[in-house]
1. Pairs only if they're at least six apart or on different chains, beta carbon under 8 angstrom, first in the range 196-207 and farther than 11 Å from E231 by Cα and free of Cβ contacts under 8 Å to residues at least 40 places away in the same chain, second surrounded by fewer than 15 Cβ atoms within 10 Å (Cβ to Cβ) and of a type outside the set (K, R); list them, first residue then second.
2. Can you confirm whether the range 40-59 contains a residue that is over 28 Å from R208 (Cα atoms), touching a Gly at 6+ places or on another chain (Cβ under 7 Å) and not in a helix (DSSP H, G or I)?
3. Residue check: is V21 in a strand (DSSP E or B), crowded, with 24+ Cβ neighbours inside 10 Å, aliphatic (A, V, I, L, M) and at pLDDT 95 or above?
4. Does R161 satisfy the condition of being modelled with pLDDT of 95 or more, assigned to a helix (DSSP H, G or I), surrounded by fewer than 17 Cβ atoms within 10 Å (Cβ to Cβ) and not polar (S, T, N, Q)?
5. Specify which of the listed residues (G67, G95) is modelled with pLDDT of 95 or more, under 25 Å from P222 (Cβ atoms) and not in a helix (DSSP H, G or I).
6. Would it be correct to say that T8 is at pLDDT below 95, of a type in the set (S, T, Y) and closer than 29 Å to S267 by Cα?
7. Scan the range 202-234 for residues that are within 17 Å of the chain's Cα centre (by Cα) and of a type in the set (D, E, K, R) and jot them down.
8. Suppose we filter A40, A53 for residues that are of a type in the set (A, V, I, L, M) and within 20 Å of S150 (Cα to Cα); which single one remains?
Amino acid sequence: MDTISEDTRRIEVAPGVRLAVKVGGTPGMPVLVFSNSLAADMGSWDEVAERLAPHARIVRYDTRGHGRSDVPGGPVILADLGRDVLALLDALGIGKAAVCGLSLGGMTGMWLAIHAPQRVAGLALANTAASFPPPTLWRERADAARASGSVAGFVEPTLGRWFTEGFRATAPDRVAAIGRAIAATPAAGYAAACEVLAGTDLLPELGRIACPTLVIAGQHDPSSPPARGEEIVAAVPGATLVTLDAAHLSAVEAPDAFASHLIRFVSGLSST
């Protein structure tokens with residue numbers, strides 16, 4: 001089948017909030033929505049999206065306050081991020097989709113599966129957790145970003161958590177590109193997303209998730225180690241866990257393994 005060329009468009013999902021969106025992949029295949037991490041943009045899915053293109057219709061977007069999406073004008077909660085995805089699906093005429101989210105994007109996916117189960121065909125939760133304690137850590141980061149007006153000071157510490165030393169040594173250009181994406185994140189958008197992480201604990205609600213669920217962990221991930229993935233698997237009926245040889249941004253560091261598991265997962269959804 002022919003794949004769709006990806007052109008970025010901006011779609012209004014709430015009054016005054018437009019998100020940057022790319023739609024690609026293969027027509028007629030299952031729809032797969034990718035949701036990015038804090039301080040990342042849709043470019044963090046480049047490697048995996050390329051590998052998934054023959055197997056899915058792919059929707060990528062920049063979370064509000066990130067990339068080329070609008071920056072929120074006030075406080076943001078996880079429900080706002082989930083409703084953004086529902087509004088995107090409505091605007092694109094998509095009734096139901098599988099959702100693959102990494103870190104903050106994984107939390108968005110969990111919210112969707114809990115609160116809009118009729119719209120979620122399956123859930124792939126990468127390098128994420130039901131909560132990211134302590135809340136004070138995230139509030140301090142939010143305050144620091146707002147005070148400086150920039151997230152530049154977070155770039156190097158973030159890259160150190162997101163990638164293993166080996167990957168940073170062998171793929172410096174890709175790591176540098178991710179670093180530029182972090183630095184380009186608007187301070188207000190970063191701060192608002194930090195406060196989402198500070199105020200969210202989904203563990204009590206995970207048992208409500210009824211769709212097929214794949215959890216992807218990174219063996220070397222200090223932010224959401226495999227034990228946090230095991231916590232999700234224990235709470236979500238029928239969920240399964242795979243662990244990759246990667247740190248936090250496993251979709252970039254281990255794209256072949258990530259895509260392989262995701263292709264298998266999405267193919268199973270198409271036959272059920």
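The values are calculated or read from the model by the stated rules, or taken from the named source; none is laboratory data. Note that the coordinates shown come from a computational prediction; the quantities given were computed from them, not determined experimentally. Note that each Cβ is placed from the backbone with ideal geometry, even for glycine, and that neighbours are counted across all protein chains shown.
1. These pairs meet every condition: G207/P237.
2. Yes, some residue in the range 40-59 is over 28 Å from R208 (Cα atoms), touching a Gly at 6+ places or on another chain (Cβ under 7 Å) and not in a helix (DSSP H, G or I).
3. Working: in a strand (DSSP E or B): yes; crowded, with 24+ Cβ neighbours inside 10 Å: no; aliphatic (A, V, I, L, M): yes; at pLDDT 95 or above: yes.
The answer is no for V21.
4. Numbers: modelled with pLDDT of 95 or more: yes; assigned to a helix (DSSP H, G or I): yes; surrounded by fewer than 17 Cβ atoms within 10 Å (Cβ to Cβ): yes; not polar (S, T, N, Q): yes.
Here the answer is yes, as R161 does meet what is asked.
5. Being modelled with pLDDT of 95 or more, under 25 Å from P222 (Cβ atoms) and not in a helix (DSSP H, G or I) holds for just one of G67, G95, which is G67.
6. Spelling it out, T8 is indeed at pLDDT below 95, of a type in the set (S, T, Y) and closer than 29 Å to S267 by Cα.
7. Scanning the range 202-234 gives D221, R228.
8. Details: A53 fails: within 20 Å of S150 (Cα to Cα).
After applying the criteria, what remains is A40.
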